Amino acid sequence: MKNAAELVFIPAPLVGHLASTVQIAQSLIDRDQRLSITVLVMSLPFDTALQSYTQSLVSVSSNTSPSNIKFVNLPQIEPTSDIMSKPPNAIVSAFIDSQKSTVRDAVIQIIARSAESTRLAGFVIDMFCVNMIDVANEFALPTYVYFTSNAGFLGFMFHIQTITDELKQDVVADFWDTNTELLVPSFTNPVPAKVLPSPVLDKEGAFLIFLLTARRFRETKGIMINTFFELEPHAMKSLQEDTKIPPVYSVGPLLNLKAVNQSGNGNGDGDGENSTTKTIARWLDGHPPSSVVFLCFGSQGSFMKDQVKEIATALECIGHRFLWSLRRPPASRNVDAPTEYSDPEEVLPEGFLERTAGIGKVIGWAPQMAVLSHAAIGGFVTHCGWNSILESLWFGVPMAAWPMYAEQQINAFEMATELGLAVEIKMDYRNDREDYEVGIVAAEDIERGIREMMKIDGSEMRKKVKEMREKSRMVVRENGSSYRSLGHFIEDVMDNIPEVTRT
């Protein structure tokens, strides 16, 4: 094809990031047939769920008819003892950096097999993969970022980097364990120090990675964000008016809507997941619209026994119908993921399952998209991962914010305080540090948050969520804001293709 161009995508080896990358890649090739995309897939050897998911992507790519998207499984490199000894927030970044040579080799092969009519247009990297800019520079290729979080958080990253580098402010010392508030251009409300992401408050080195990421973002040609202007108008305007950062493109919400009719995220036994999805759907079918509270805390979310009992007590006191995804905590918060209970009664209050049998269901892994799409769901108690927030808004489900790790505290702040699209259970809760003492959220606080979330009559939040549901669908249609923004990104990519790619 004349003027054909190929992009090399480098997602982080995290299921949520990889799944979102697949969605933006598909959106790009659906929009412009001149584009082809090769996704270079890394796999963490200790993450079996990720390995299953990446293997399924590569298998589909190799067993189907020729497509404009190809998945290449990079050779697996065992993390060194030095990498594994780093703090949790630094392990993934260090592992990605160790993959530079395999990425370089893969790009050489891509160039060698490319047809004369197809030019390599650049790298599209995940927010965790900024040091792959060095590899792109070796080939004289431009780099773009696909930012899997929100515009408010991106603006926060740039602001923290600015006050650190230009104003010489010691952010860790000034905001660790304080009641201070921070004025951030991408938010209209002051940001409390208690909701700053764990890496920003990490005295062991993750803060340095955070700063490096923001600095290197400034070297790129553009940043796509999985959000939409109508959701974050103030944050988007603040980024667009900042002349010291690359162009930003709001291209979301990017969601795997096929998961509504299939078996969740695909990172396990497909037949088993499909059976679980059907069982849950049949249970939900037996309940009235907007009557069920859904509790689910992401792929890394879990609670210790004392906290589980507080949640159970709250659910009994409320008396609402509920569907609860309850998972066993990992042995180590560093790298392990939650697993399933063979018998959840070992952590639940005695007799809880019998007493709630008529109104509740306790499950393990949950097909989140399929559940949120069901008419019976009236509210979502969530860890505030950005994908989960977008899914909840897409289906018009109000949220109760209970963040746990990564940037989820600031996501919760944006949803509850900034935008009024969620209520708070515990906005400053966090359990992503081995050295951090996790407090117990009392049953009374959980009950209060869920009751507020489930209000039907006169709920301003529920009204806002329903309005955002309609806006989230309009923006991706022709002439919608995200549709136009994606078109601008493609135009800029085509305008910046190097004439000659070095090998």
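How far apart, in nanometres, would the label points at GLU340 and LYS258 be if each is projected 7 angstrom from Cα along the Cα-to-Cβ direction?
2.3 nm
Loop by DSSP (not H, G, I, E, B), at most 15 other beta-carbon atoms within 10 Å: where is the longest site-free stretch of the chain for GluC sites (Glu not before Pro)?
Longest gap between qualifying sites, sites excluded: 1-115.
Under 1.5 on a/c is rounded, so check that first for region 273-334, then, if it is not, pick prolate when a/b is larger than b/c and oblate when it is not; a ≥ b ≥ c are the square roots of the alpha carbon gyration tensor eigenvalues.
The shape class here is oblate.
Give the ranking of MET404, MET127, MET304 by solvent-accessible surface, highest area first, calculated with a 1.4 Å probe.
Largest to smallest exposure gives the sequence MET304, MET127, MET404.
Taking only protein heavy atoms into account and a 1.4 Å probe, give the accessible area per residue of the chain in Å².
It amounts to 41 Å² per residue over the chain.
In straight Cα distance, which lysines are under 18 Å from LYS258, not counting same-chain residues fewer than 8 positions off?
Partners found: LYS278.
Can you give the convex hull volume of the alpha carbon atoms of region 370-503 per residue, in Å³?
Spelled out: Cα convex hull of region 370-503, divided by residues, is 177 Å³.
Picking from ALA442, LEU35, GLN368, whose Cα lies most toward the positive end of the charge dipole for the chain (charges on Cβ: Lys, Arg +1; Asp, Glu -1)?
It is LEU35.
List the lysines whose alpha-carbon lies under 20 Å from that of LYS464, not counting same-chain residues fewer than 8 positions away?
Output for LYS464: LYS455.
Could you grab the relative contact order for region 383-461? Cα pairs under 8 Å, six or more apart, rounded to a whole percent.
Relative contact order, region 383-461: 29 percent.
Using a cut-off of 30 Å between alpha-carbon atoms, which lysines can reach LYS168, once sequence neighbours fewer than 8 places away in the same chain are excluded?
LYS86, LYS194, LYS203, LYS221, LYS237, LYS244
Non-local amide H neighbours of PHE294 (under 5 Å, H modeled in plane, Pro and chain starts lacking H): which ones?
LEU323, GLY378, GLY379, PHE380, VAL381
Can you give me the long-range amide H partners of SER149? Hydrogens built in the peptide plane at 1.01 Å from N, cutoff under 5 Å, separation of 5 or more residues or another chain.
Amide H neighbours of SER149: ASN226.
Expected output is a single nm value to one decimal: the length gained when fully extending between THR102 and GLU467, i.e. 0.36 nm times separation in residues minus the C-alpha distance. What is it?
Going from the current span to full extension adds 126.8 nm.
Between LYS237 and ASP174, what is the FRET efficiency for a Förster distance of 25 Å, r being their Cβ-Cβ separation, to the nearest 0.05?
With a Förster radius of 25 Å, E is 0.35.
Counting only helical runs of four or more DSSP H residues, what would the 222 nm mean residue ellipticity of the chain come to if each run contributes -39,500 (n - 2.57) and the total is spread over all its residues?
That comes out to -12000 deg cm²/dmol.
What are the extents of the Cα atoms of the chain along their three principal axes, listed from largest to smallest and rounded to whole Å?
Principal-axis extents of the chain (Cα, largest first): 69, 54, 50 Å.
Nearest 20 debye, what's the magnitude of the dipole of region 298-438 about its Cα centre given +1 on Lys and Arg Cβ and -1 on Asp and Glu Cβ?
360 debye
Quick one: grab the alpha carbon gyration tensor of region 284-437, order the square roots of its eigenvalues as a ≥ b ≥ c, and give me rounded if a/c is under 1.5, else prolate or oblate depending on whether a/b is larger than b/c.
Because a/c hits 1.5 or more and a/b fails to exceed b/c, region 284-437 counts as oblate.
Fully extended, how many nm does the chain gain between ALA442 and ARG113 (0.36 nm per residue separation, minus their Cα-Cα distance)?
Taking ALA442 through ARG113 to full extension adds about 112.5 nm, to one decimal.
Under unit Cβ charges (Lys, Arg +1; Asp, Glu -1), what dipole magnitude, rounded to 20 debye, does the chain have relative to its Cα centre?
The dipole magnitude comes to about 1320 debye.
The values are calculated or read from the model by the stated rules, or taken from the named source; none is laboratory data. Note that this is a predicted model, so its numbers are computed, not measured. Cβ sites come from the backbone with ideal geometry, for glycine too, and all protein chains shown count toward neighbours. Accessible surface is based on the protein model in full, side chains and every heavy atom, while ligands, DNA and RNA are left aside. Shrake-Rupley method; radii C 1.70, N 1.55, O 1.52, S 1.80 Å.
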